[in-house]
Amino acid sequence: MADWYTNFANSGLGTTITKQLGLPRPVELRRYEPGQPLLPGPAVVGSAGAGRLNDTVSAVLRDAGIPVLSPMAADGSTDGEKLGAVILDATGLAGPADLAGAHEFLAPAIKRLRPSGRVLILTDPPSDAGSPAQAAARQAVDGLVRSIAKELRAGSTANAVFVPEGAEGSLGSPLRFFLSGRSAYVDGQLLTLSAADVPTGEDGEKPLAGKVAVVTGAARGIGAAIARVMARDGAHVVAVDVPAAGDTLAEVANEIGGTALQLDITAPDAPQRLVEHLRERHGGVDVVVHNAGITRDKLLVNMDAARWNSVMAVNLQAQLDITRALLDGDVFNAGARVVCVSSQSGIAGNRGQTNYAASKAGVIGMVRAWAPEFAGRSATINAVAPGFIVTEMTAKMPFGTREIGSRINSLQQGGLPVDVAETIAWLAQPGSAGVNGQTVRVCGQSMLGA
């Protein structure tokens, strides 16, 4: 599936018509392709206050072959070398006065940002501040980055990462993700890292090589995209879906060289069957993606128990039961990753989707609560919350509703299934060990729930 309007607006005739009518002109986003450089141009790295991450950031960029310019090069002119990324180390913020340094650095640099460029701000969590003034300055980054994301154009994005003292070693993987084409539809987001033992020597092209990954709901749509990206990154994928989807499930599994497992995840014996399958066939599992989900929309006052219960069973209870069984069955390999698909509806709510929104909000609570136990096993559990994604399901929506839903975000377009898949695959990487209990929205900074 593709966003027809984006394709039209970037065609010869479409460009003329949209210009004449003053219509939005969403650009084609820079999406990841194997072998693609981390950035399409140099990066500039600056600080607000006495930041501690400048050397770490510069080292990651140098390793990726990206030239690093000094802030002096970002002199406010618009005809100099265009920048692939603007990175602000704001870990030195001591109070609101230091925010002037953020403005002084960011304003001229952003003027020289390339299309599909990246703005990334790094700071400490406000909760770790030593004074109210310092907490205020750190919290100010929240409003700063969300606003920058709404001001950027031409497919550029802005995000922030909170890096607590001691978590500096966890920064490499998030840094590479937010700068790369993998995060094309992740915009206006804030992520908090934790200290973790991050393995070294990861294969940049095949970060999941040798891993076994389970993907539920893999027969079509976002699930099939997740399976394809996981396989591209080197994993052997166990593609799971209901028996009724057996033919399409087999097609996906054959296409990616994985295996198919027909399983109704709501069946009482489903968790134990999956445990036994993974233990006997693969000796364990490294990655589990809880993607399977259903909708049974109706206004709450008109919703019968069957609609409510079926959505809760598939979208939430199955994730709880299967994860618990995998933990108790001791089939998670060292450094395991669990990624659960939530939804923008779970954050913002949605008329006619009380059951769906409740189940997806529950997923967010589940990963947050389970994170400490996973950390104790050197594993992680996170959630991804898609916004408007162009799929066969959204293609069936009424035209007006679909177009409004896909345009009310900072990138003025719907995301693609691969955008969700890339974010999930990043969270599944061994290098993402410092990301735990987090929910990452893949919504182009949707105005809903922002």
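Kindly list the residues of the range 224-240 that lie in the label zone of Glu276, defined by a backbone N under 20 Å from the point 7 Å along the Cα-to-C-beta vector. Counting backbone N atoms under 20 Å from the label point, the list is 238-240.
Could you sort out which of Lys82/Lys150; Lys19/Lys396; Lys19/Lys206 sit more than 30 Å apart by Cα distance in this structure?
Working: Lys82/Lys150 20 Å; Lys19/Lys396 28 Å; Lys19/Lys206 42 Å.
From Lys82/Lys150; Lys19/Lys396; Lys19/Lys206, over 30 Å: Lys19/Lys206.
Against the criterion of solvent-accessible heavy-atom surface with a 1.4 angstrom probe, Lys298, Lys111 sort, most first, into Lys111, Lys298. Most mobile of Met366, Met303, Met393 per a Gaussian network model of the chain (Cα springs, under 10 Å)? In this elastic network of the chain, the residue with the biggest mean-square fluctuation among Met366, Met303, Met393 is Met393.
So what's the angle, to the nearest 10 degrees on a 0 to 90 scale, between helix 318-328 and the longest Cα principal axis of the chain? With rounding to tens, the tilt is 90 degrees.
Given a 1.4 Å probe and the protein chains as shown, Glu151 ends up with an accessible area of around 140 Å². Normalised by 2.2 N^0.38 Å, where N is the number of residues, the alpha-carbon radius of gyration of the range 19-165 equals 1.08.
Residues whose amide H comes within less than 5 Å of that of Val442, counting only those at least five positions distant or on another chain, are Ala385, Gly387 (H built at 1.01 Å from N in the peptide plane). Accessible-area rank, largest first, for Thr266, Thr200: Thr200, Thr266, with all protein chains present and a 1.4 angstrom probe.
Summary of the geometry: the range 381-450 and the range 214-288, compared by the centres of their Cα atoms, lie 22 Å apart. Taking the longest Cα principal axis of the chain as reference, the axis of helix 132-151 is set at about 80 degrees.
Computed from the C-beta positions of Gln262 and Ser58 and an R0 of 51 Å, the FRET efficiency is 0.55 to the nearest 0.05.
To the nearest 10, the accessible area of Arg407 is 50 Å² with a 1.4 Å probe. Ranked by solvent-accessible area (1.4 Å probe, protein heavy atoms only, all chains present), the residues Phe332, Phe178 order from largest to smallest as Phe332, Phe178. Only protein heavy atoms count here; under a 1.4 Å probe, Trp4 has an accessible surface of about 120 Å².
One-quarter of the Cα convex hull surface for the chain, in nm²?
On the way: hull surface 88.3 nm².
For the chain, the mean projected area of the Cα convex hull comes to 22.1 nm².
If you run the Gaussian network model on the chain, springs between alpha carbon atoms under 10 Å, then out of Ala428, Ala158, Ala135 the most flexible one is Ala135.
Structural descriptor for the chain: relative contact order 15 percent, calculated from alpha carbon pairs under 8 angstrom and at least 6 residues apart.
Which residue fluctuates most in the GNM of the chain (Cα springs below 10 Å): Ser147, Ser173, Ser116? Greatest mean-square fluctuation among the candidates belongs to Ser147. Taken as Cα centroids, the range 355-380 and the range 90-122 sit 32 Å apart, rounded to the nearest whole angstrom.
Which net charge results for the neighbourhood of Gly181, defined as the other residues with beta-carbon distances under 15 angstrom from its beta-carbon, given Lys and Arg at +1 and Asp and Glu at -1? The partial results should precede the final answer.
On the way: positive: Arg30, Arg31, Arg114, Arg118, Arg176, Arg182, Arg232; negative: Glu28, Glu33, Asp187, Glu205, Asp233, Asp419, Glu422.
Taking every Cβ under 15 Å from that of Gly181, the sum is 0.
Surface composition of the chain: carbon and sulfur make up 53 percent of the accessible area, probe 1.4 Å. Solvent exposure of the range 152-232 amounts to 31 Å² per residue of accessible area, where only protein heavy atoms count and the probe is 1.4 Å.
Full extension of the chain between Asp269 and Ser70 yields a length gain of 65.7 nm, computed as 0.36 nm times the residue separation minus the alpha carbon distance.
If R0 is 51 Å, the Cβ-Cβ spacing of Glu205 and Phe399 corresponds to a FRET efficiency of close to 0.80. For the chain, the longest principal axis of the C-alpha atoms and the axis of helix 417-428 are separated by about 90°.
Using a Förster radius of 25 Å, what is the FRET efficiency between Asp128 and Arg377 based on their Cβ-Cβ separation? Nearest 0.05, please.
For Asp128 and Arg377, the calculated efficiency is 0.50.
Scalar couplings 3J(HN,Hα) for the range 85-95, obtained by applying the Karplus form with A = 6.51, B = -1.76, C = 1.60 to θ = phi - 60°, are 7, 10, 10, 10, 8, 9, 6, x, 5, 10, x Hz; x denotes Gly and Pro.
The values are calculated or read from the model by the stated rules, or taken from the named source; none is laboratory data. Bear in mind that the values here come from a model prediction, so they are computed numbers and not experimental data. Neighbour counts are summed over all protein chains in view; Cβ atoms, including those assigned to glycine, are modelled from backbone coordinates with ideal geometry. All accessible areas refer to the heavy atoms of the entire protein, side chains included, with ligands and DNA or RNA removed. Shrake-Rupley method; radii C 1.70, N 1.55, O 1.52, S 1.80 Å.
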